[in-house]
Amino acid sequence: MTALDRRAFMAATAAGIAAPTALGAKECPTAGMDWITMSLEARNLAYNNVEHVGPENARKKTEGWAAASKTLREQRPKHLDLAYGNGERNKWDLYPANDPKALCFVHIHGGYWQRGSKEIFACLSEGPLARGWSAALCGYTLAPEATLTQITNELKSAFDWLNAKAGEHGIQGPIIVTGWSAGGHLTSFILDHPKVAAGLAISGVFDLGALRDSPHVNDKVKLSEEEIQKLSPMRRPIVSSRDYHAYRSQGHVPGDLIPIANTNHFTILDELRQPNSTLTRAVIAMAQYQTA
């Protein structure tokens with residue numbers, strides 16, 4: 001059994017996107033379709049989350065996160081932009097709890113590995129912080145400046161730094177890592193790090209082969225065949241969220257699938273901002289399982 005097998009893992013997926021009603025949103029392909037048998041047009045649409053919810057809705061949601069995150073960072077400025085590497089984005093934002101041994105919520109941002117930042121998503125810490133947890137968000141170099149291989153290596157270095165240095169900033173408790181979209185992929189990839197107690201991947205991508213011919217992703221990420229094979233969680237030893245959950249279940253490793261009703265790829269993240277939401281309670285449940 002690998003180290004990855006021993007960690008509690010949950011996959012969350014938006015359960016309300018099959019029939020979008022927002023202006024400008026497009027209907028998803030039928031649930032259960034296999035990307036291998038899809039036409040290129042259908043596959044590109046299936047993995048284009050902005051088109052599903054509508055560009056204007058995606059923009060407004062992202063701007064709302066950014067505004068709330070700016071406020072949180074201004075309120076907690078003491079442990080921001082701590083460098084773990086030499087890259088401009090190789091930095092952590094830490095939000096220590098009053099209790100240094102409190103559990104720590106870590107979030108890895110999404111954006112198809114080519115956009116997004118820790119600064120935009122700081123507000124996702126609101127729910128865990130309200131529960132008395134610590135929180136932390138890390139940045140990483142984006143494509144096309146970095147390959148996915150480099151990005152995953154940076155994440156390993158980031159968590160090595162967190163393991164060695166977080167205590168100096170008042171964070172000594174176990175790490176529960178979450179990630180959204182591309183960050184969901186990175187969450188599953190970093191789950192075998194010794195600092196990570198458990199992980200929650202939200203609407204992640206678990207087989208990179210589906211993105212090989214998607215221009216809105218691969219024009220910048222430029223996945224190689226070797227990366228598709230080595231960096232796809234579903235192609236690694238026991239590592240749509242439903243498929244990944246089923247894959248892990250076949251190997252008898254722990255973890256639940258959590259469908260979040262009446263959400264889409266963007267609104268599902270609002271769950272983490274609420275201290276009593278389904279996803280926040282799921283994170284708490286993982287922590288209780290790990291520390292029992």
Item to complete: Evaluate the distance, in nm, between pseudo-label points positioned 7 Å from the Cα of ASP213 and of ASN276 along their respective Cα→Cβ axes.
Response: 5.0
Item to complete: May I ask what percent, to the nearest 5, of DSSP beta bridges between residues of segment 22-146 are antiparallel?
Response: 55
Worksheet, complete the sentence: Scoring only Lys, Arg, Asp and Glu (+1, +1, -1, -1) among other residues with Cβ under 15 Å from the Cβ of THR147 yields 0
Worksheet entry | Net charge over other residues, Cβ less than 15 angstrom from the Cβ of LEU82 (K, R count +1; D, E count -1) | 0
Practice prompt. Heavy atoms only, probe 1.4 angstrom, no DNA, RNA or ligands counted: give me ARG235, ARG115 ranked by accessible area, highest first.
Written response: ARG115, ARG235
Worksheet item: Using 7 Å Cα-to-Cβ label points, what is the LYS165/LYS70 separation (nm, one decimal)?
Response: 2.7
Response to the item:
Once ARG115 and LYS220 are pulled to full extension, the length gained, defined as 0.36 nm per residue separation minus their Cα-Cα distance, is 36.8 nm
Practice prompt. Which order do the peptides 260-266, 101-107 take when ranked by the mean count of other beta-carbon atoms within 10 Å per residue, highest first?
Written response: 101-107, 260-266
Worksheet item: Would you list SER224, SER117 from the most to the least accessible area, probe 1.4 Å?
Response: SER224, SER117
Practice prompt. Name all residues of segment 261-279 having a backbone nitrogen under 18 Å from the label point set 7 Å from the Cα of ARG59 along its Cα→Cβ direction, giving them as ranges.
Written response: 266-267
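The values are calculated or read from the model by the stated rules, or taken from the named source; none is laboratory data. For clarity, every value in this text was computed on a predicted model and none was experimentally measured. All Cβ positions, glycine included, derive from the backbone under ideal geometry; neighbour counts span all protein chains shown. For the accessible areas, the whole protein counts, side chains as well, though only heavy atoms, and no ligand, DNA or RNA atoms are used. Shrake-Rupley method; radii C 1.70, N 1.55, O 1.52, S 1.80 Å.
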